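Trainee: The structure under discussion is supplied below as structure tokens; questions concerning it will follow.
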Amino acid sequence: MKKLFILLFITCFGLSSQAQELNFNVRINTQKLQTVDPKVFETLEQTIREFLNSQKWTNDIYDPEERINCNLVLTLQEESSPTSFKADLAIQASRPIYNSDSETPIFNHLDRDLFFNYQQFDPLIYSKTAFNGNLSSVLAFYAYIVLGLDYDSFSPLGGEEFFQLAQDAINNIPSSSTPSPFSGWTPSESNRNRYWLAENLLSPRVKPFRLAMYQYHRQGLDNMAENVDQGRATLATTFDDIEKVNQAYPNCMILQVFNATKASEIIEIFKIASLDEQNKVIRVMSRVDPSNASKYRRIK
């Protein structure tokens, strides 16, 4: 079973078949660079890939097929100097749906507040207790967010440890480094940045949403291969808790991330559903994601 220590297997067969937790595909877009040689970022692309995919982020054992598939696109927007850059960071992550060949998205987010320094062949180093550069801190932060969301989808509030580690990454940012040039870490800069993402996920007001994500994935999606109607009915019940969180914490960032991550999936699943289920989803999602209300109305 996923994320269990298989001690006998380790003893008998060694560690050769173990895999780390994350499987990131990394791409760096350098089209807007004016002076810096884009080849410098070919090295960085590989360094980021190794940083995310080769590091041991948890104490659990993953089989290769259990790794969390992720995409990361770093788009260079500005070069303040030959070694200082501003970039957009897009991250997507998905996890398998049990008893199927499909995956479900668990995170889809664009971070427009990434400033970092880099010289070719600079290593990326991350410590849980010290600041070693903004880029490594941002990457580790999102690694923990992805892990937390994944673990939340397999057990109730299972991602708590990782959301706290994401908060620790925030706490390690030197106060002299905020808000600029290392923005995105403080509450005063924006209501939609790294600070608020971690705050939301650790907030008691958001716990019903996190519990709903376990029900949505483990008790709903993972059971649809065996009984599609029952699985979809379970999914429909999660929208009650999503609506509660929207009322208790209006415009919270995590619901905006949920909308960006799940809107298309929700629409496709509930195109074939009972009228009551369709009406509930349309009602709740039109309130949670009003800018896309017309899309949800196309469910029926």
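Trainee: If a residue must be of a type in the set (K, R) and either modelled with pLDDT under 95 or under 16 Å from the mean Cα position of the chain (by Cα) (or both), how many such residues does region 194-217 contain?
Mentor: Number of matching residues: 2.
Trainee: Mind checking which residues of region 150-165 are of a type in the set (A, V, I, L, M, F, W, C) and within 20 Å of I48 (Cβ to Cβ)?
Mentor: Across region 150-165, the qualifying residues are F162, L165.
Trainee: Could you check, for region 145-156, whether at least one of its residues is part of a helix (DSSP H, G or I), within 15 Å of the chain's Cα centre (by Cα) and closer than 30 Å to K39 by Cβ?
Mentor: yes
Trainee: Output the residues belonging to region 91-123 that are closer than 18 Å to N223 by Cβ and either in contact (Cβ under 8 Å) with a residue 60 or more places away in the chain or more than 20 Å from the chain's Cα centre (by Cα) (or both).
Mentor: R95, I97, Y98, N99, S100, D101, T104, I106
Trainee: Hey, can you tell me all the residues within region 132-191 that are within 22 Å of A90 (Cβ to Cβ) and charged (D, E, K, R)?
Mentor: D150, D152, E189
Trainee: Which one of these is touching a residue at least 60 places away in the same chain (Cβ under 8 Å), within 20 Å of E103 (Cβ to Cβ) and not in a helix (DSSP H, G or I): E226, E189?
Mentor: Exactly one residue qualifies, and that residue is E226.
Trainee: If you take the residues of region 171-185 that are in a loop (DSSP other than H, G, I, E, B) and polar (S, T, N, Q), which of them is modelled with the lowest pLDDT?
Mentor: Filtering first and then ranking leaves T178.
The values are calculated or read from the model by the stated rules, or taken from the named source; none is laboratory data. Here the structure is a predicted model, which means the values were calculated and not measured. Backbone-built Cβ (ideal geometry, glycine too); neighbour counts: all protein chains shown.
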